[in-house]
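Accompanying notes for the structure given below.
The values are calculated or read from the model by the stated rules, or taken from the named source; none is laboratory data. Remember, it's a predicted structure, so these values are computed and weren't measured experimentally. Don't worry about glycine lacking a Cβ; one is built from the backbone with ideal geometry, like all the others, and counts go over all protein chains shown. Each accessible area value is taken on the protein alone, full model and side chains, heavy atoms only, with ligands, DNA and RNA left out. Shrake-Rupley method; radii C 1.70, N 1.55, O 1.52, S 1.80 Å.
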Amino acid sequence: MYNYADDSLSLHTDLYQINMLKTYWEKGIDNRNAVFEVYFRENPFNNGYAIFAGLERVIQYIQSFRFTETDLAYLRELDIYSEEFLDYLKHFKFTASIRSMVEGELCFANEPLIQVEGPLGQCQLVETAILNIVNYQTLIATKASRMRQVVGKDDKLSEFGSRRAQEMDAAIWGTRAAYIGGFDSTSNVRAGKLFGIPVSGTHAHSLVQAYRDEYQAFKAYAETHKDVVFLVDTYDTLRSGVPNAIRVAKEMGDKINFIGVRIDSGDMAYQSKRIREQLDEAGFTEAHIIASNDLDELTILNLIMQGAKIDDWGVGTKIITAFDQASLGGVYKLVSIENSKGEMVPTMKISSNASKMSTPGVKQVWRITRNRDGKSEGDYVALSDERPDLQDSLFMFHPTHTYINKTVTDYTAKPILVDIFKDGELVYDKPDLKTIKAYTATVIQDLWDEYKRILNPEQYPVDLSQRLYDEKMASIKSIRDKIQNDIDVNENNHF
Ligand SMILES: Nc1ncnc2c1ncn2[C@@H]1O[C@H](COP(=O)(O)OP(=O)(O)OP(=O)(O)O)[C@@H](O)[C@H]1O
Ligand SMILES: O=P(O)(O)OC[C@H]1O[C@H](OP(=O)(O)OP(=O)(O)O)[C@H](O)[C@@H]1O
Ligand SMILES: O=C(O)c1cccnc1
């Protein structure tokens, strides 16, 4: 099976992308300039915002893009491609340009996150992998951010999900996304090695079961470690687990750093309060209580409302799988294409479902904040040659309910899409992961609380510029007119 020394990610695509490339190439339009944009139509989890993640892996993917010998041999086996086409693939190089939001950026429905511009065939081919990467990582970063919103400022959020992730890649890249979104550490050691995410860990019930005696197990663990958290719910949390933890912590004294205890079952509000009393009474007022067991933002919020004395949270399944939403649903749409005269023309998909209608034209997303306090006014999606940053005032209106509008003055307009690749060359100076994480924390802080609440948040404005709006309306009309015209011609021919 799959043991290819030269395996690449170039075939990590849907067959139809290669089939379209074949058509473009045989018909001689594969080198026409094209622009595709990635966006999603609804914020995940009914959240008020999303956190963009995945760029790191997109960069890796693009940089290593080439068809290897075994890739080509496999395509030959399919018996649908000519030798000439396979030879074309053999020399295929990514020379397109990519603009993107930076990782950790706040993003919203219906605005471009990534823009790929260059030869049509190349831009087409990378759709599947880019969406695969960005849809997952953005989903997880957003879920993580929701959890960060509900826990206390100093509470630690640890990612425990590897065993429950949708396979190994998801565990690794998911925990990186969770870290960007607001988690503090991961239990996955390889993710620590690869990305420099702080690793953290306690111990499992099996340690206690292996010794068949809780005190002996805690003692053994304490004798073999410096930093110690005892899992106290194997037998009886309040009558056995916590007293044994306290006994060992006292016996070991300065020989260990007694961080605290972890509970993993039962009523965690009730138990944590009783555990806090027991620890305080024993003089361990600084010892932390860590909770795990099927946690998500709603359970955490609920536990906090009940006055649970939980300091830190271990979250597995519900962060690494996103749990209540299987996928982000980001799409990759052609927004502009060179015609036979060498002119770029905006293009769009129209649909009977208004939400599936794309917005034509090459865009820039401008984040508008007011100078007074740096707070967000909304996003302004404009054609790439528009400069709202040079205007004194900005008219912002809802893209469908246009009567909802406002004029903003004394604002800053920041372009959100930045150059990543130019003509195939990486031009972006990648920040390290800690910088990305810190950036996310800052941009979240500048967002109004109304957009951040996890239940029924206000809708953040993502508005179109007047020109973009007018062009969209004109495109819809011209497509409709053309369809009508084609129908009329056909009917006349028929009769
Ligand atoms: N006070 C609480 N309020 C709300 N939810 C809680 C509270 N305490 C625990 N929970 C949550 O209730 C759910 C069920 O807890 P319970 O201990 O019954 O789990 P379990 O899955 O049966 O235990 P185990 O993991 O040992 O099989 C978990 O998702 C847990 O996070
Ligand atoms: O509950 P999650 O958010 O997915 O967090 C990870 C869970 O994984 C571990 O449990 P384990 O795999 O031993 O299973 P169990 O505790 O559910 O029996 C840990 O004790 C948590 O309960
Ligand atoms: O370190 C832990 O406590 C841990 C790690 C993975 C899964 N559950 C718990």
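The set of residues in segment 200-219 being more than 15 Å from ligand 2 (Cβ to nearest atom) and open to solvent by 20 Å² or more (accessible area, probe 1.4 Å) consists of Y211, R212, D213, Y215, Q216, K219.
For segment 235-260, the set of residues classified as within 16 Å of ligand 3 (Cβ to nearest atom) and touching a Leu at 6+ places or on another chain (Cβ under 9 Å) consists of G241, A245, G260, listed by residue number. The set of residues in segment 169-180 that are touching a residue at least 24 places away in the same chain (Cβ under 8 Å) and either surrounded by fewer than 17 Cβ atoms within 10 Å (Cβ to Cβ) or within 15 Å of ligand 3 (Cβ to nearest atom) (or both) comprises A171, G174, T175, A178. Every residue in segment 204-246 that is within 16 Å of ligand 1 (Cβ to nearest atom) and outside any helix (DSSP H, G or I), please. If the condition is that a residue be within 16 Å of ligand 1 (Cβ to nearest atom) and outside any helix (DSSP H, G or I), then A204, L231, V232, D233, T234, Y235, D236 are the ones that fit. Scanning for something surrounded by fewer than 16 Cβ atoms within 10 Å (Cβ to Cβ) and either in a strand (DSSP E or B) or aromatic (F, W, Y) (or both), does segment 60-75 turn up at least one residue? Scanning segment 60-75, I find at least one residue that is surrounded by fewer than 16 Cβ atoms within 10 Å (Cβ to Cβ) and either in a strand (DSSP E or B) or aromatic (F, W, Y) (or both), so the answer is yes.
Any residue at all in segment 289-296 that's more than 32 Å from the chain's Cα centre (by Cα), within 16 Å of ligand 3 (Cβ to nearest atom) and polar (S, T, N, Q)? Can you show your working first?
Going through segment 289-296, the residues more than 32 Å from the chain's Cα centre (by Cα) turn out to be none.
So far as segment 289-296 goes, no, none of its residues is more than 32 Å from the chain's Cα centre (by Cα), within 16 Å of ligand 3 (Cβ to nearest atom) and polar (S, T, N, Q).
For segment 439-465, taking the residues that are under 19 Å from V365 (Cα atoms) and aliphatic (A, V, I, L, M), the one that is farthest from the chain's Cα centre (by Cα) is identified as L464. Of the listed requirements (1) surrounded by 24 or more Cβ atoms within 10 Å (Cβ to Cβ); (2) part of a helix (DSSP H, G or I), F183 misses just one: (2). Among strands (runs of 3 or more DSSP E) entirely within segment 380-452, having at least 2 residues that are open to solvent by 80 Å² or more (accessible area, probe 1.4 Å) singles out 405-409.
The number of residues in segment 453-481 that are in contact with a Pro (Cβ under 8 Å, 6 or more places away or on another chain) and either assigned to a loop (DSSP other than H, G, I, E, B) or of a type in the set (A, V, I, L, M, F, W, C) (or both) comes to 3.
Within segment 279-314, the set of residues being touching a residue at least 12 places away in the same chain (Cβ under 8 Å), in a loop (DSSP other than H, G, I, E, B), more than 13 Å from V261 (Cβ to Cβ) and open to solvent by 10 Å² or more (accessible area, probe 1.4 Å) comprises N293, D294, D296, Q306, G307, A308. Residue count for segment 246-296 under the criterion of being within 16 Å of ligand 2 (Cβ to nearest atom) and aliphatic (A, V, I, L, M): the result is 7.
Checked against (1) part of a helix (DSSP H, G or I); (2) among the small types (G, A, S); (3) under 20 Å from S292 (Cβ atoms), G253 passes all but a single condition, namely (3). Anything in segment 349-371 that is in a loop (DSSP other than H, G, I, E, B), out of contact with any Asp or Glu (no Cβ under 7 Å at 6 or more places or on another chain) and exposed (fewer than 11 other Cβ atoms within 10 Å of the Cβ)? List them, or say none. Selection gives S351, S352, N353.
Scanning segment 147-168 for residues that are open to solvent by 40 Å² or more (accessible area, probe 1.4 Å) and either at positive phi or out of contact with any helix residue (DSSP H, G or I) (no Cβ under 9 Å at 6 or more places or on another chain) (or both) returns K153, D154, K156, E167. Would segment 163-183 turn up any residue that is of a type in the set (D, E), within 16 Å of ligand 2 (Cβ to nearest atom), in contact with a Ser or Thr (Cβ under 9 Å, 6 or more places away or on another chain) and closer than 30 Å to R146 by Cβ? Within segment 163-183, not a single residue is of a type in the set (D, E), within 16 Å of ligand 2 (Cβ to nearest atom), in contact with a Ser or Thr (Cβ under 9 Å, 6 or more places away or on another chain) and closer than 30 Å to R146 by Cβ. Within segment 482-491, the set of residues being open to solvent by 80 Å² or more (accessible area, probe 1.4 Å) and either modelled with pLDDT of 80 or more or within 17 Å of S355 (Cα to Cα) (or both) comprises K482, I483, Q484, N485.
Any residue in segment 45-59 that is surrounded by 18 or more Cβ atoms within 10 Å (Cβ to Cβ), assigned to a helix (DSSP H, G or I) and aromatic (F, W, Y)? Yes; the residues of segment 45-59 include at least one that is surrounded by 18 or more Cβ atoms within 10 Å (Cβ to Cβ), assigned to a helix (DSSP H, G or I) and aromatic (F, W, Y).
How about segment 13-44: which of its residues are in a loop (DSSP other than H, G, I, E, B) and closer than 22 Å to D423 by Cα?
Going through segment 13-44, the residues in a loop (DSSP other than H, G, I, E, B) turn out to be 13-14, 27-32, 40-43.
Correct list: T13, G28, I29, D30, N31, R32.
Residues in segment 261-278 that are near ligand 1 (Cβ under 10 Å from one of its atoms) and polar (S, T, N, Q) were compared, and the one that is least open to solvent (accessible area, probe 1.4 Å) is S272. Within segment 317-330, the set of residues being away from ligand 1 (no atom under 11 Å from the Cβ) and closer than 30 Å to V229 by Cα comprises I319, I320, T321, A322, F323. Which of the residues spanning segment 181-207 are more than 15 Å from W313 (Cβ to Cβ), more than 13 Å from ligand 3 (Cβ to nearest atom) and in contact (Cβ under 8 Å) with a residue 24 or more places away in the chain? Correct list: F195, G196, I197.
Please tell me if I246 is surrounded by 17 or more Cβ atoms within 10 Å (Cβ to Cβ), touching a Phe, Trp or Tyr at 6+ places or on another chain (Cβ under 9 Å) and closer than 19 Å to T202 by Cβ. Yes, satisfied.
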